[in-house]
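Data block below; observations after.
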Amino acid sequence: MSGALKEVRNRIKSVQSTQQITKAMKMVSAAKLRRAQDAITQMRPYAQKLQEVLSNIVSNSDGDVTVSLAAQRPVEKVLVIVVTSDRGLCGGYNSNLIKLAKQIIADKYSSQRDKGNVQILPIGKKGYEHFTKNKFTVIDKYWDIFTGLSFEKVQAASQYAMDAFDNKEFDAIELVYSEFKNAGTQIFVDEQFLPVKKIEPKAGQKKADFIYEPGKEALITELMPKILNTQLFKAVLDANASEHGARMTAMDKASENANELLKSLKISYNRARQAAITTELTEIVSGAAALQG
């Protein structure tokens, strides 16, 4: 019986050690989440307005200006940018992103995939490891962006995507990431990064009338890459906040589960201890009765 007691005691110590780790990780993620949430909250309205301006400019160009990054071509070659995290222990965050990326490829680009014309540009170590392991064609230049996250690092990845589209290496570029809503909720989204989407005017709606200074072509050439850089940076900031929120929630649940397990183990320990005491008392009483007899 002492062996059983020792085993339960060791399990209790093990669960308590694990619980200390999960609580510490939750606190670290909560601190990081606060900063990441502030960053995306401040960035989002600016990025959304820029995207709206970009779509309006492209929609109202009417063919008088060649907008290479909005060029619609038959889709033969596809690039999928997948933003995951560098580390795990964040619930189903990474697996859901990878699943969405694969679903998009299966639904929209299955024929291109069959021809070997779908490539993955992973941002984040988990996505890089998964797609490399599963024999996808992976561009391995930008997966470590979250190590010292900065606008310049994201801009390099965005510029690569724009140059590749401009050079007709790809005809469509999709962006898969997690949009941050709150600590407990992440929205996994797919956006068309390139070509730039046009906004179709609603019935009876007039087109926006812009006055361009210095000129439409110069403005579009200068403005479009900057807006697209901002769009990708916004997605990466969203993903960063989502990761910390997912990890904080996962560690909170793990700590709760550890509590439940500890309760169960302590009941088992007390029962085993009571059984051991009862056995010892029975042996003592039996021995005393034998001596008296």
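The values are calculated or read from the model by the stated rules, or taken from the named source; none is laboratory data. From a predicted model like this one, the values you see are computed outputs, not experimental measurements. In this analysis, Cβ positions are derived from the backbone assuming ideal geometry, glycine residues included, and neighbour counts consider all displayed protein chains.
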**OP:** Give segment 225-257 a look and list any residue that's farther than 26 Å from residue 39 by Cα and either among the hydroxyl-bearing types (Ser, Thr, Tyr) or outside any helix (DSSP H, G or I) (or both), or say none.
**Re:** 255
**OP:** Considering only residues that are among the small types (Gly, Ala, Ser) and buried (at least 16 other Cβ atoms within 10 Å of the Cβ), look in segment 175-208 and name the one that is modelled with the lowest pLDDT.
**Re:** 183
Original post:
Just checking, which of 217, 213, 260 is in a helix (DSSP H, G or I), without any contact (Cβ under 8 Å) to a residue 40 or more places away in the chain and of a type in the set (Asp, Glu)?
Top reply: 260
Original post:
Does segment 153-175 include one or more residues that are acidic (Asp, Glu) and part of a helix (DSSP H, G or I)?
Top reply: yes
Original post:
Any residue at all in segment 262-281 that is in contact with a Phe, Trp or Tyr (Cβ under 7 Å, 6 or more places away or on another chain) and of a type in the set (S, T, N, Q)?
Top reply: no
**OP:** Considering each residue of segment 19-57, count those that are under 17 Å from residue 89 (Cα atoms) and either of a type in the set (A, V, I, L, M, F, W, C) or in contact with a helix residue (DSSP H, G or I) (Cβ under 6 Å, 6 or more places away or on another chain) (or both), and give that number.
**Re:** 14
